[in-house]
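These notes are about the structure you will find just below.
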Amino acid sequence: MKGCYFNQLMNQTTDTKKVPESKSKIRSKEETSIVEKENHRVKPEKGAESNTQLDSQIVHVLQKRKRLKPDKSTTPGMLQSTRKKTRNSHRSPEEHISGRKKRTMIEPGTENHTEPDIWFDDVDPDDIEAAMGPEAASVARQQIAQTTGKPHSAVHSLEKVLVKDGAFQGLTKAVAMDCEMVGVGSDKVDSILARVSIVNQFGKCIYDKYVKPTEKVTDYRTWVSGIRPTDLKNGEDFKVVQREVAEILEGRVLVGHAVHNDLKILFLDHPKKKIRDTQKYKPFKTVVRCGRPSLKHLCRQILKVKVQESEHSSVQDAQATMRLYTLVRQKWEAEVKAKYRTKKISCNSGETKP
């Protein structure tokens with residue numbers, strides 16, 4: 001029995017040694033499934049090239065999944081292709097994109113020239129800004145500075161435009177008023193008076209006072225009003241300011257922008273015949289093509305100056321409204337006289353009828 005068992009073992013060993021070389025290349029089920037998955041991704045080409053690609057895929061899969069060393073039978077070309085694939089496989093899509101970006105940045109002749117090639121001769125940069133925008137105006141100013149050697153001011157001096165130099169500093173027949181308000185209440189919507197400024201017909205400031213708050217201030221609106229808590233601590237009493245403003249306005253033409261809001265916050269009335277509101281003046285609306293133009297818009301389009309760029313100033317706003325008024329004063333006053341003359345004639349004719 002032992003002899004028979006020994007003979008069987010010897011036969012099995014000899015059979016394994018005599019296995020043909022072709023059978024040693026038979027793949028396991030796991031290897032076959034892996035290769036089939038890879039074949040779905042990369043389609044083999046025709047002829048002998050498909051066999052070489054398939055073999056390279058097999059080697060690559062076996063190296064990746066089972067960490068097997070490459071067989072000596074593999075060709076150098078196959079090993080190089082697998083090495084390239086393994087190196088590229090470690091790089092993420094972001095690294096590929098960043099690599100392409102770096103190459104494009106190094107390439108010469110790709111710089112963007114942002115400075116426009118524009119030249120203006122004998123044209124005011126302020127007119128260019130109004131027509132074409134601030135970028136074209138800045139180019140024009142730079143060119144003027146290069147040719148003349150003197151910097152060109154971006155905007156006219158407000159003091160020079162809004163105030164007449166060396167003019168009368170007292171009360172005139174027409175005055176302009178502007179007020180600044182602060183918010184009160186839990187919702188901060190209601191307003192109370194914080195500052196009153198009045199200028200004469202030449203833009204000279206004749207009255208400017210801060211007002212003590214009559215209620216607790218919940219919103220100083222500094223970014224618009226320019227009012228801070230320290231400004232109101234030493235302010236004047238509201239009743240005093242109200243009386244003084246009423247005395248100044250008595251019998252005079254009142255100029256303002258949406259001036260009905262200023263009168264309302266002061267609890268004052270003024271004859272409609274003597275109010276000149278730059279927001280309601282029809283020729284101004286026509287010029288700027290707006291039904292309710294802002295003071296900032298009017299000054300930019302008509303006076304060619306910039307106001308209310310950051311915190312508002314009631315003195316500056318009053319000067320701006322007065323300058324708009326004096327620019328068309330004769331025409332505006334003639335229209336008002338004609339309007340009320342017509343009303344007077346119509347009223348008299350109505351009284352004479354039986």
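The values are calculated or read from the model by the stated rules, or taken from the named source; none is laboratory data. No experiment lies behind these values; they were computed from the predicted model shown. Note that we place each Cβ from the backbone using ideal geometry, even for glycine, and neighbour counts take in every protein chain shown. Surface accessibility is based on the protein's heavy atoms, side chains included, excluding ligands, DNA and RNA. Shrake-Rupley method; radii C 1.70, N 1.55, O 1.52, S 1.80 Å.
Express in nm, to one decimal, how much length is gained between ASN234 and PHE267 on full extension, taking 0.36 nm for each residue of separation and deducting their alpha carbon distance. Could the numbers behind the result be given before it?
Working: separation 33, 0.36 × 33 = 11.88 nm, distance 2.19 nm.
Result for the pair: 9.7 nm of gain on full extension.
Working with all protein chains in place, sort ASP317, ASP269 by solvent-accessible area computed with a 1.4 Å probe, largest first. Can you show the working numbers first?
Details: ASP317 5, ASP269 150 Å².
The ranking, largest first, comes out as ASP269, ASP317.
Give me the 1.4 Å probe accessible area per residue for the stretch 176-220, excluding ligands and nucleic acids, in Å². Intermediate results must be reported in sequence, preceding the final value.
On the way: 1920 Å² over 45 residues.
On a per-residue basis, 43 Å².
Per the 1.4 Å probe, what fraction of the accessible area of the stretch 305-354, in percent, lies on carbon and sulfur atoms?
That share works out to 52 percent.
Leaving ligands, DNA and RNA out of it, rank SER186, SER310, SER346 by accessible area with a 1.4 Å probe, largest first.
On the way: SER186 120, SER310 85, SER346 65 Å².
Heavy-atom accessible area, descending, gives SER186, SER310, SER346.
Rounded to the nearest 10 Å², what accessible area does ILE302 have for a 1.4 Å probe in the complete protein model?
40
Near the amide H of THR172, under 5 Å away, which other amide H atoms are found, from residues 5 or more places off or on another chain, if H is placed in the peptide plane?
Long-range HN contacts for THR172: GLN201.
Ignoring ligands, DNA and RNA, please state the percent of accessible area on the stretch 160-246 from carbon and sulfur, probe 1.4 Å.
Working: 2300 of 4590 Å².
About 50 percent, which is the carbon plus sulfur part of the accessible surface.
Through the Karplus equation 6.51 cos²θ - 1.76 cosθ + 1.60, θ set to phi - 60°, convert the phi angles of the stretch 177-194 into ³J(HN,Hα) values in whole Hz; use x for Gly and Pro.
10, 8, 10, 10, 10, 10, x, 9, x, 5, 8, 6, 8, 5, 10, 10, 6, 10
From largest accessible area down, sort THR278, THR342; use a 1.4 Å probe on the protein chains.
THR342, THR278
Within 12 Å, Cβ to Cβ, of LYS188, how many net charges do the neighbouring residues add up to if Lys/Arg are +1 and Asp/Glu are -1? Numbers along the way, then the final one.
Values: positive: LYS216, ARG221; negative: ASP187, ASP190, GLU215, ASP219.
Local charge sum for LYS188: -2.
Quick one: accessible surface of ASP165, probe radius 1.4 Å, all protein chains present, in square angstrom to the nearest 10.
Here the accessible area works out near 150 Å².
Quick one: which residues, 5 or more positions from ILE206 or on another chain, have an amide H under 5 Å from its amide H? H modelled 1.01 Å from N in the peptide plane, none for Pro or chain starts.
Residues meeting the amide H criterion: ILE198, VAL199, ASN200.
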